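Engineer: Take a look at this one; I'll ask things after.
Values quoted throughout were computed directly from the atomic coordinates according to the rules given, and no laboratory measurement underlies them. The shown structure was predicted, so the numbers you read here are calculated from the model rather than taken from an experiment. Cβ atoms come from the backbone with ideal geometry, glycine included; neighbour counts cover every protein chain shown.
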Amino acid sequence: MVDLKQTLSRFLSIPGVWQAILVGRDGLMIEGLTRDGKDDMEAVGAIMTTGLSTAEALGQEISRGSVVGVLMEYENGLVSVDPLGDFALLVTLSENASNIARVRHLVKTSRNEILEALDIA
């Protein structure tokens, strides 16, 4: 059986990543890990479900297909949102964009493992 905390800890092993949150499309946090505990993981996860829904609506409006991922860059960090099927999404918070390729690669290679753990594969 897949341990979600162990899977999320791989994201925190990437330099610069300080938070990894698995959240349902309903906005409820399924699991989350953080390095410093300063950010409210439940609030971040809930807000990001709305952000992803907005991105999906835009994609439909401009006929660009399904959302593969959403990146939001702020003055002091980067938020990455990756849909995992119809029921969940993975949110990562990073110091900057320098390791986003590693994050995206890990999302891709961990996707089936996470879905299997959620029993929605």
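Engineer: Report the gain in length on full extension from VAL68 to GLU95: 0.36 nm times residue separation, minus Cα-Cα distance, nm rounded to one decimal.
Structural biologist: This chain segment gains 7.6 nm when fully extended.
Engineer: Just to check, using Stokes-Einstein with a Kirkwood Rh over alpha carbon pairs, what's the diffusion coefficient of region 1-48 at 10 °C and 1.306 mPa s in µm²/s?
Structural biologist: Rounded to a whole number, D works out at 144 µm²/s.
Engineer: Sticking with this structure for a sec: Could you order peptides 30-37, 86-93 by the average number of other Cβ atoms within 10 Å of their residues, highest first?
Structural biologist: 86-93, 30-37
Engineer: Still on this model: What is the dipole size for the chain, taken about its Cα centre, with +1 at each Lys and Arg Cβ and -1 at each Asp and Glu Cβ, in debye to the nearest 20?
Structural biologist: Using Cβ point charges on Lys, Arg, Asp and Glu, the chain gives about 400 debye.
Engineer: May I pose another question? Pick out which of VAL68, VAL23, VAL107 has the largest mean-square fluctuation in a Gaussian network model of the chain, springs linking Cα atoms closer than 10 Å.
Structural biologist: The residue with the greatest mean-square fluctuation here is VAL68.
Engineer: Semi-axes of the equivalent ellipsoid for the chain, please: Cα gyration tensor eigenvalues, times 5, square-rooted, ordered largest first, whole Å.
Structural biologist: 20, 18, 14
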